[in-house]
Amino acid sequence: MLRIVVLLVGAVLTTACATSRDVTLVVENARVIIGDGSTLERGNVAIAGDRIVSVGTAPVHAPGARRIDAAGRTVLPGLIDTHTHLLMENLFAQPRSDAEIEEFMTERLPERLRAFTTAGITTVASVGEFWPSMAEVSARLRNG
């Protein structure tokens with residue numbers, strides 16, 4: 001019984017969050033796979049700009065939002081690539097100087113990161129990289 005109450009409270013809070021923000025897109029009636037492996041049948045996902053603001057089964061009240069009826073389709077969390085090398089385009093053409101790393105990070109890395117998100121990958125673990133450069137990548141991503 002406590003679990004049902006917690007779920008109901010969560011659904012109410014999720015709906016309140018969706019109506020209190022500027023929701024620009026609502027994906028409705030989808031099978032939604034939640035990050036913990038559970039599934040919502042006929043779930044709704046509300047998005048404000050580039051952020052998911054709610055996931056639940058309650059209707060999303062968002063006048064003016066674009067709506068996608070995803071009946072018969074599945075929505076899942078972003079995929080994770082747990083072994084990549086962001087700073088290595090190929091084995092023999094890696095950036096080797098500070099100037100080459102800066103040029104790579106401003107000119108070519110944004111395109112590589114967009115390619116990940118286009119493929120549905122929202123999280124990457126870039127292994128074996130030069131840590132100061134990766135810290136800079138993280139800072140740049142946080143700052144847009």
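The values are calculated or read from the model by the stated rules, or taken from the named source; none is laboratory data. Small disclaimer: the values here were computed from a predicted structure and weren't measured. Glycine gets a Cβ as well: all are built from the backbone with ideal geometry, and neighbour counts include every protein chain shown. Side chains are part of the model used for accessible areas, which takes the heavy atoms of the whole protein and leaves out ligands, DNA and RNA. Shrake-Rupley method; radii C 1.70, N 1.55, O 1.52, S 1.80 Å.
Placing a pseudo-label 7 Å from each Cα along the Cα-to-Cβ vector at Glu103 and Asp50 gives an inter-label distance of 2.6 nm.
Keeping all protein chains in the complex and leaving out DNA, RNA and ligands, what accessible area do you get for Thr82 with a 1.4 Å probe, in Å² to the nearest 10? Counting only protein heavy atoms, the figure is 100 Å².
Applying 1/(1 + (r/R0)^6) with r as the Cβ-Cβ distance of Arg31 and Arg114 and R0 = 25 angstrom yields a FRET efficiency of 0.35.
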